Amino acid sequence: MTSVRKAAPEPVRRAGRRAYLQAGTATAPLRLQPGFIMIGAQRCGTTSLFRALMAHPQIVRPAFHKGINFFDLNYYRGTAWYRGHFPVARIARAATARHGGPVSFEASGYYMYHPFAMERIAHDLPGMKLVVMLRDPVERAFSAYKHEYARGYEWESFEKALELEDERLVGEIDRMRADPAYESFTHRHHSYTRRGHYADQLERIFGLFPREQVHVMDSEAFFARPEHEFRELTDFLGLRACQPASFGQHNARPGDPMAVGTQRMLEDQFAPHNKRLAALLDWAPQWPR
């Protein structure tokens, strides 16, 4: 079904999405609510984790995309629009009955960093379980840069983009606050270092949700020992123990390495943030490795 959908011309796919969402919105009360949400961070291995979760027989996903981007980019559309993305509960229960019943979820690498998304989730879904994947913020920043550059959303050198970051973001949060439908291109695509201030973001999240509802993972640990990390995650989510046939690394961005001087500068810049994170999570210092 997915391959047939991808083979269709884009206008046909857009029309199909519109029709599905219209029907989904109309039948929102009949649909599952998410059992958990992956909230980020961007470029930290969440696509690989998403695919591993999709292999679990209890998991049913939203239509079309891994992320609905409701709480960050589409909140003004309303909760019926959001629920319309999820599977019909009766159908999902029938499909997963032999495995313990359905659990649906969505993922957005932007939720954790977005200035208002977490407050919106806390307001609408206060009992929601949240999954966070973190990565060395220096590596994350460079990976994000390569990703945005390859997509045509960045045009400067990495060093110049870092230099411009603060200037590019001036006033953007105020614009987002004033207009919930406003999508800040620069906040979403040009936040290379600020997205790596993990302690700031997690402190805000822990102020909104009990810590027992938040599962934080280290991406390097996940790729080094995926079976163990995945088992801990499924235990947290209340899923039956089940391992995928294999664990892959998806959505990586190859390319030339970061300049040594830039790497050292970023390591120094992130050091106090990493120290705060280690204290917050009671982790041993993680980065640099």
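The values are calculated or read from the model by the stated rules, or taken from the named source; none is laboratory data. Just so we're clear, the structure is a prediction, and the values are computed from it rather than from any experiment. Neighbour counts are summed over all protein chains in view; Cβ atoms, including those assigned to glycine, are modelled from backbone coordinates with ideal geometry.
So is Tyr198 among the hydroxyl-bearing types (Ser, Thr, Tyr), within 21 Å of Met112 (Cβ to Cβ) and free of Cβ contacts under 8 Å to residues at least 12 places away in the same chain or not? Give the steps one after another, and end with the answer.
Values: among the hydroxyl-bearing types (Ser, Thr, Tyr): yes; within 21 Å of Met112 (Cβ to Cβ): yes; free of Cβ contacts under 8 Å to residues at least 12 places away in the same chain: no.
In short, no.
Could you list, in sequence order, all residues of region 222-231 that are charged (D, E, K, R) and surrounded by 14 or more Cβ atoms within 10 Å (Cβ to Cβ)?
Passing the criteria: Glu229, Arg231.
Please go through region 133-168 and give me each residue that is touching a residue at least 12 places away in the same chain (Cβ under 8 Å), assigned to a helix (DSSP H, G or I), more than 29 Å from Ala278 (Cα to Cα) and within 22 Å of the chain's Cα centre (by Cα), ordered by number.
Residue satisfying the conditions is Ala150 alone.
Consider Leu239 carefully, then state whether it is of a type in the set (A, V, I, L, M, F, W, C), buried (at least 19 other Cβ atoms within 10 Å of the Cβ) and within 22 Å of Tyr113 (Cα to Cα).
no
Each row is one residue, and each column tells you yes or no for (1) under 26 Å from Gly255 (Cβ atoms); (2) polar (S, T, N, Q).
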position: Gly84; (1), (2): no, no
position: Arg98; (1), (2): no, no
position: Pro102; (1), (2): no, no
position: Tyr111; (1), (2): no, no
position: Ala117; (1), (2): no, no
position: Ser143; (1), (2): yes, yes
position: Gly152; (1), (2): yes, no
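What's the total number of residues in region 208-227 that are of a type in the set (Asp, Glu), touching a residue at least 40 places away in the same chain (Cβ under 8 Å) and part of a helix (DSSP H, G or I)? Please lay out each step first, then the result.
Just the residues of region 208-227 that are of a type in the set (Asp, Glu), to begin with: 212, 218, 220, 227.
Next, from what is left, pick out any that are touching a residue at least 40 places away in the same chain (Cβ under 8 Å): 218, 220.
So of that shortlist, the ones also part of a helix (DSSP H, G or I) come out as 220.
Looking only at that region, the number is 1.
Exposed (fewer than 13 other Cβ atoms within 10 Å of the Cβ) and not in a helix (DSSP H, G or I), is that true of Pro272?
No, not satisfied.
Could you figure out which of (1) in contact with a strand residue (DSSP E or B) (Cβ under 9 Å, 6 or more places away or on another chain); (2) under 22 Å from Gln263 (Cα atoms) isn't true of Glu229?
Just one mismatch for Glu229, condition (2).
Of the residues in region 259-289, how many are closer than 26 Å to His147 by Cβ, of a type in the set (A, V, I, L, M) and modelled with pLDDT under 95?
Looking only at that region, the number is 0.
I'm trying to understand the selection: among the residues of region 34-52, which are under 12 Å from Phe223 (Cβ atoms) and not hydrophobic (A, V, I, L, M, F, W, C)?
Those that are under 12 Å from Phe223 (Cβ atoms) and not hydrophobic (A, V, I, L, M, F, W, C): Gly45, Ser48.
Please work out which one of (1) surrounded by fewer than 22 Cβ atoms within 10 Å (Cβ to Cβ); (2) touching a Lys or Arg at 6+ places or on another chain (Cβ under 6 Å) is the condition Ala144 fails and give its number.
(1)
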